[in-house]
Structures are given as structure tokens and as C-alpha cells.
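Worksheet: one structure, shown below.
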Amino acid sequence: MAGKKINPWLKAGLEFGPLLAFFIAFSRLKTQVFTVAGTEYSGFILATAIFVPLLVASTLVLWRLTGRLAAMQIATLVLVIVFGGLTIWLNDPRFLKMKVTIIYLLFAGILGLGMALGKSWLALVMDEVLPLTAEGWRILTWRLIAFFLGLAVLNEVIWRTMSDQAWVNFKTFGLSVLVFAFFMAQTRLFARHAVPKDE
């Protein structure tokens, strides 16, 4: 069932606003240490404590306005609550950083399971906005699986070998640019395997 249409700028603000708030909060607080109930917390932890409830609130507002949430949005929300909560509770930034790896492995695994069963589950959620032939969906799904696996590996390399600021920059801007570049690179596939309009 299709959700209600809302202003695209409002939708983008609800989807990316919490992440942008995390970036701003971390950039301003990264050199500071805060003591709460005798425990010291870094700016990264405080930025996470801002990000998690903002994402929950924005997702609930998006659901309220549209009447539906995509499976990827629900999975992202659950993983952010779990790993963001662990980051704050255990005072350890690694959990939020690992969340990115886990979510892309999860997406790759779900799509891979669908292909093993002879189905492109990607087509089930995107067919209305991107009508492709069965072969087009098969090719796009395998490419997306490889892309998600690549993002998981890249995230692990960045958070394990680079600074917190480098990872936050990658999380906020790098991932969005890479996803955009991936789909732009598929334009020939979309054109070659588009379903004719009369169908």
C-alpha cells in the first residue's frame, strides 16, 4: 500500500535532519569531555545521545505523515536504537560505528537470500518507481549486493584506521555521495532494461 505524499523537502529534512544534527553536534563538541554522575563522556557520546532520540522522533513523524515506513527505515531505526543505546550505555563509540557495517551486511544478506530463492526482493519494494524487466532487477540486485558489501568493508577500514572526525564525515556525506554515484552509474542498465511504457 502506497503511503501519503508529503513535501519532498520536508521528507528529506526528516530523513537527513538527525544525521546532520549529529554531524554539527560532534563537530562542536568533539574536543570536550562531559562528566555526568561521576562518569566522563566524550563529545562523540553526547552527539550520539542527541542523534538517537532525534532519529526516533523524525521517523515517527514521517510515519505519522505518510502512513508507512520502508523496511530499510525500520531496520535502520532498530539498529540505531540498539547500537546507539549501547554506545551511550557502555560509553564506547565503537558500537555506533559498527552499526553502519552491520546494516549494510544485513541489506546484502537479505537481498542475497532473495536471489538464492530465485526472487529479487528489491523489485518488490522499488518496482512502482523503477519498472524494470526481470533480468534488469536480477542484475541490479547483484550489483547492489556487491555495493553494500563494499560499503561494509569501507566503513570498517575507516573507523578502525582513521579519526572520529573522518568517520563522521564519511557517515554524514561520504555514504550519501557513494549511494548517489552508484545509482547514477546504473543509468545505462535502467535504460536497457526499462519496461516499455505500453506495458
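The values are calculated or read from the model by the stated rules, or taken from the named source; none is laboratory data. Remember, predicted model here, so these are calculated numbers, not experimental data. Cβ atoms come from the backbone with ideal geometry, glycine included; neighbour counts cover every protein chain shown. Just the protein is used for accessible areas: all its heavy atoms, side chains included, with ligands, DNA and RNA removed. Shrake-Rupley method; radii C 1.70, N 1.55, O 1.52, S 1.80 Å.
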(message) Out of the residues in the range 20-31 meeting the condition of being open to solvent by 20 Å² or more (accessible area, probe 1.4 Å) and touching a Leu at 6+ places or on another chain (Cβ under 8 Å), tell me which one is farthest from residue 85 (Cα to Cα).
(response) 29
(message) List the residue pairs whose Cβ atoms are under 6 Å apart, where the first residue sits in the range 45-71 and is in contact (Cβ under 8 Å) with a residue 60 or more places away in the chain, the second is of a type outside the set (A, V, I, L, M, F, W, C), and the two are 6 or more positions apart or on different chains.
(response) 66/3; 66/4; 67/3; 67/4; 68/3
(message) Looking at residue 90 and the list (1) closer than 30 Å to residue 196 by Cα; (2) surrounded by fewer than 15 Cβ atoms within 10 Å (Cβ to Cβ), which single condition is not satisfied?
(response) (1)
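Listed here are the residues, each with its yes/no results for (1) within 30 Å of residue 196 (Cα to Cα); (2) open to solvent by less than 60 Å² (accessible area, probe 1.4 Å); (3) within 19 Å of the chain's Cα centre (by Cα); (4) of a type outside the set (A, V, I, L, M).
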position	(1), (2), (3), (4)
55	no, yes, yes, no
67	no, yes, no, yes
70	yes, yes, yes, no
75	no, yes, yes, no
97	no, yes, yes, yes
103	no, yes, yes, no
111	yes, yes, yes, no
117	yes, no, no, no
122	yes, yes, yes, no
(request) Filter the range 124-147 down to residues that are of a type outside the set (S, T, N, Q) and open to solvent by less than 20 Å² (accessible area, probe 1.4 Å) and give me whichever is farthest from residue 188 (Cα to Cα). (result) 145
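One residue is enough: does the range 42-49 have a residue meeting the conditions within 18 Å of residue 88 (Cα to Cα) and open to solvent by 80 Å² or more (accessible area, probe 1.4 Å)?
So in the range 42-49, the residues within 18 Å of residue 88 (Cα to Cα) come out as 42-49.
Adding the requirement that they be open to solvent by 80 Å² or more (accessible area, probe 1.4 Å) leaves none.
No; the residues of the range 42-49 include none that is within 18 Å of residue 88 (Cα to Cα) and open to solvent by 80 Å² or more (accessible area, probe 1.4 Å).
Looking at the range 148-168, which of the residues that are among the charged types (D, E, K, R) and either open to solvent by less than 10 Å² (accessible area, probe 1.4 Å) or more than 18 Å from the chain's Cα centre (by Cα) (or both) is nearest to residue 104 (Cα to Cα)?
Narrowing the range 148-168 to residues among the charged types (D, E, K, R): 156, 160, 164.
Add one more test, that the residue is either open to solvent by less than 10 Å² (accessible area, probe 1.4 Å) or more than 18 Å from the chain's Cα centre (by Cα) (or both), and what stays is 160, 164.
Details: 160: 17, 164: 20 Å.
The selected residue is 160.
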(message) For the list (1) in contact with a strand residue (DSSP E or B) (Cβ under 9 Å, 6 or more places away or on another chain); (2) surrounded by 13 or more Cβ atoms within 10 Å (Cβ to Cβ), I need the number of the one condition that residue 35 fails.
(response) (2)
